[in-house]
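In what follows, a single structure is set out as C-alpha cells and then discussed.
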C-alpha cells in the first residue's frame, strides 16, 4: 500500500529545456499500477537479498523498457571529480557505448549530466533539427531518439550519485504513468546503488578488521550479556586456539568452555571487575592464570574496556588476551639470577673457555680486594698463592674436563698478598654442541667475622651497580678533604647528570639502562685517571671531587674532558646509543664551606647547564640575578597579600595505606597573585622567610585549617587529622602554644584533630629552644610529625629526643622507587625504624602504582601524593571525600 500511495503523490510538473511539458489528465490503469508495484516489490526484495548490482540494474532497465515502449534505458554513475561512467544499458549496443564516455556533470551537458548537476529531473523533447551538437548528443542520432528524460539518483538527501535516463524514439514529454515509472525506477536504482556501495564499504571494513585482528599476537574477544545478565562471547578471534586449545566457534557457542579453564583467582578478579562501578570506558588490565585443554599452566595478560548502558549497566566488554607465560618465566629467572649474582654473600666468578675472567660479582671483589675492572680479562691465577697452589689447580682443571664439576677447599690470595681459606665450587658450562664455553666459580670466604663486617661496610658505602662510592661516602670524603684543606687550597665538586638517560631507560629497559651507567662510570673513571674521585650519587647522577684543584680553569678542563668522553657513542646490545651529560661545578671555598652547600650549588649549576642547551658545563655563580629580579617584583605584592586576602589554603589527603580510608589532610599554602595567578610555595615562601612574615602567614594558615576542620566536623565528615607545617620562625617565637590553644577554643575542635609538621634542621640548630615548645604542644594533645625525613641529618638521637608521633618519608626518597635500589633500601629502613620507635610512617610523593605496591608491602602506614589526589581547595576535597566514601562502601577501594 505504501508504494501505491507514493505513486499517487508524484509531482505533476516536469522540467524541460524547452518549456513546461503539458500536463495530461489521463490516469494510469489499475493493471499498470499493479505491474509497477509488483516490479518495485520484486526488485526491492532482490536488493535486500544482496543480488549483484549489475543484475539488479539490468533487470530494472529491462522492465522499464517493457513498460515504456520504444525506449532505451541506461544508468550513469557520477564521481567526486564530476566525471560520469556507464553502469548499465541493456539495449544499447556496445559499439554505441563510446558516445557515453567522458561524460561530465555540467549545466550544459545532456540531461543525464544536467540532472546530476541541478539535482532535479531533466526532460528534453526536440526534433533532430534543433538538437545541439555536443558530446553525448550523437547517441540520439545513433538510436534515432527524439526525446530524453533523466532522473537523478540520490545517495542521501543532499548527495546525488548518478542518473537514470530514458531515451525515446517518439517526440514528447512523459505521461503521468511514464513519469511515475521513471521516478520509481530511479528511486529503486538509488537504493540498489547505495546498498552496493554500503556493502562494499562493510566488506572492506571487515577485511581490514580481520587483517588487524589476525596480526595481533593474542586473542581479541567481545563479551555481551543476555536478558538474564549471563555472559556470552559475541566475537572471538582465532588466536584462542593456541592459547586455550579451544576453537573460536566453540568458545562462542559455549562461554563456560573458556571460563572453566581460568584459575579461580582469575575468575574472582574478573567477577569483581564486572561488579565494579568504574568510569565509562576505563581501561582495565590484569594478569591471570589458566590451564589449557592439555593441562598446561599459562599466564595471560588481559586488557579490557567496558561499554555501559544508560542505566549504568554493563552491556559489553572488549578484551585482548596475550600469552605472557614465557615472559613471566624469563622475568622470574632473570630476577632470581640477578638477585643471586648481585646479592649473594658468596663470590661468583665467570671465566671463558680460555680461563679469562669475563664477569665477577661484588662479593668476590670484596673477598679478594680486587676491583672488577682489574680482574676482567685476566686469569684466575691472580688469586694463586704459589707453585704448590698452581699444581693443585692443574689437578682441578683435569677433573673439570672429565667430570664437569669440582668442589673443595683451596687457599686464595687477596690483593694485599694475604692468604685466606675459601670453599670453592666450579661448574663447567657447555653450549648446545657440547663445547665448553665458560666456567662458573662460587667461592665462600671461610675467614673470620671481621672480614664479613668489613664487606658489609664496603657494601653500604658503594653503589652496587657501578662499584663507585655512593652519596654518603662521597660526602664524608669531601668533608674530610675540606677539613684538611688550607685557606688557599681549592676543592672542586663536579655534578654530572646524563641528559637522555630517562629516554634510554624507558626505550630499552632498566637492565640496558644499568649497562649504560656501568659504561659511563668506566669511561669517566678512565678519563679522570688519578686526578679526581668519582661517585654515583643518584639514578643517573655522578659526582667528581678534585682535591686539590689549583684554579677554576683546571675544573673546567676536566669537565670539558668528561663531556667529550661521553659524547662518543655507547653500545647496548645491537644499538648505538648517545648519552650526553650536563655538568655543574662548585669550588671550595668560593661557593661554599661545607659538603652540603658545595653539592647543592653544583647541582644548581647543572640546571643552568641544562637550561643553556645541555651537553655543557656551568660553574655556580653567586649572583642570582633572576632570583633577585623576582624578589624585587614580588616583594611589594607579598607585603600586601595577607591584608588583601590573596592567600589560599589547599588540602592534600593522606590515606591509610592498607584500607584506603582517609586518615588526614595536609594544609598547603598557595598565593593567588593578582596578575600571575596561583603560585606554588616554592616561588614565594623563601621571600616570606627573608621578609620576616612567616609568623603572621603561618598563624593565618593555622587558623584557616582550624576553621575548616570545624566545618568538616559540623558537616558530618568522619574524624581525621588536619596537618599544618610550622616553620622555625614560628616555633622560636614566643606565643605559639597560646595561639594554637586559642584557635582550638575559638573553633571548638579537639587538639587530637590538629597535627603540626616540623622539619629536622630547625631542631638540630635550636634544640634547646624548640624542645620545650614541642613538649608543650604534645601535652595539649596535639600530634607532631617530622617532615622531609631522610633529607637532612636524620639523626637517631633526635628521633629519640623529639616528642613526635609520626615521620614523613621525603618524596625524594620515593620518586625513584623501584628504579633506585638505594632509595628502596632507605625507605624500607625508615619504615622499620619508625615502627620500632612506635611512630606512624607517612610516605610523601606517591605518584605511581609501583610506589603504592612497594610501600604497602613494606608496611608503610599512610600514603600521600598525586596518585591519591593533588592538593585541592576545601570544596573540591569535600567532593573527593564523598566519592571515596562511596567507593569504600561499595568495596571498590580508594586507590586506583
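Bear in mind these aren't lab numbers, they're just calculated from the coordinates by the rules spelled out. For clarity, every value in this text was computed on a predicted model and none was experimentally measured. Every residue, glycine as well, gets a Cβ built from its backbone with ideal geometry; the counts of neighbours run over all protein chains shown.
Couple of notes before you dig in:
- Gained length - residue 399 relative to residue 275, 0.36 nm times residue gap less alpha-carbon distance: 38.2 nm
- Extension gain from residue 479 to residue 580, taking 0.36 nm per residue of separation minus the Cα-Cα distance: 33.4 nm
- Using the average count of surrounding beta-carbon atoms within 10 Å as a protection proxy, the listed peptides 253-266, 103-116 rank, highest first, as 103-116, 253-266.
- Taking every DSSP beta bridge that has both ends in region 630-888, the antiparallel portion is near 40%.
- Note on residue 80 and residue 683: with the Förster distance fixed at 60 Å, the Cβ-Cβ geometry gives a FRET efficiency of about 0.60.
- Here each label is just a point 7 Å from Cα along the line to Cβ, and for residue 748 and residue 659 those points are 2.7 nm apart.
- Paramagnetic label reach from residue 329 (point 7 Å along Cα→Cβ; backbone nitrogen cut-off under 12 Å): within region 237-270, no residues.
- Highest-first packing order for the peptide set 226-236, 854-864 is 854-864, 226-236, based on the mean count of other beta carbon atoms within 10 Å.
- Computed FRET value (nearest 0.05) for residue 371 with residue 691, which takes r as the C-beta separation and R₀ as 60 Å: 0.70
- The angle separating the long axis of helix 449-461 from the principal Cα axis of greatest extent in the chain is about 50 degrees.
- Summarising the strand pairing of the chain, around 80 percent of its internal DSSP beta bridges are antiparallel.
- Gain on full extension, evaluated as 0.36 nm per residue between residue 464 and residue 58 minus their Cα-Cα distance, stands at 138.0 nm.
- Counting every other Cβ atom within 10 Å of each residue's Cβ, 194, 138 order from fewest to most as 138, 194.
- Residue ranges 553-565, 464-476, 678-690, 140-152 sort as 140-152, 464-476, 553-565, 678-690 when ordered by packing (mean number of other C-beta atoms within 10 Å per residue, highest first).
- Taking a ≥ b ≥ c as the square roots of the eigenvalues of the Cα gyration tensor, an a/c ratio of 1.5 or more together with a/b no larger than b/c marks region 333-458 as oblate.
- Rounded to the nearest 0.05, the FRET efficiency derived from the C-beta distance between residue 308 and residue 879 at R0 = 30 Å is 0.90.
- Here the sum of -39500 (n - 2.57) over DSSP H runs of 4 or more residues, divided by the residues of the chain, equals -13500 deg cm²/dmol at 222 nm, to the nearest 500.
- A simple spin-label model places the labels of residue 316 and residue 849 2.4 nm from each other, with each point 7 Å out along Cα-to-Cβ.
- The relative contact order of the chain, computed from alpha carbon pairs under 8 Å that lie at least 6 residues apart in sequence, is 5 percent.
- For 650, 383, 164, the sequence from fewest to most other C-beta atoms within 10 Å is 650, 383, 164.
- Crossing angle, helix 552-567 versus the chain [Cα axis fit, 0-90 degrees, rounded to tens]: 40 degrees
- A value for Kirkwood radius over Cα pairs in Å was derived from the coordinates, and within the list (i) 36.5; (ii) 32.1; (iii) 34.8 it appears as (i).
- Least to most buried among 840, 365 (fewest other Cβ within 10 Å first): 840, 365
- Three-way shape label, region 630-888, alpha-carbon gyration tensor, a/c 1.5: rounded
- With Cα atoms, 0 to 90° folded angle of helix 264-275 axis to the chain main axis: 60 degrees
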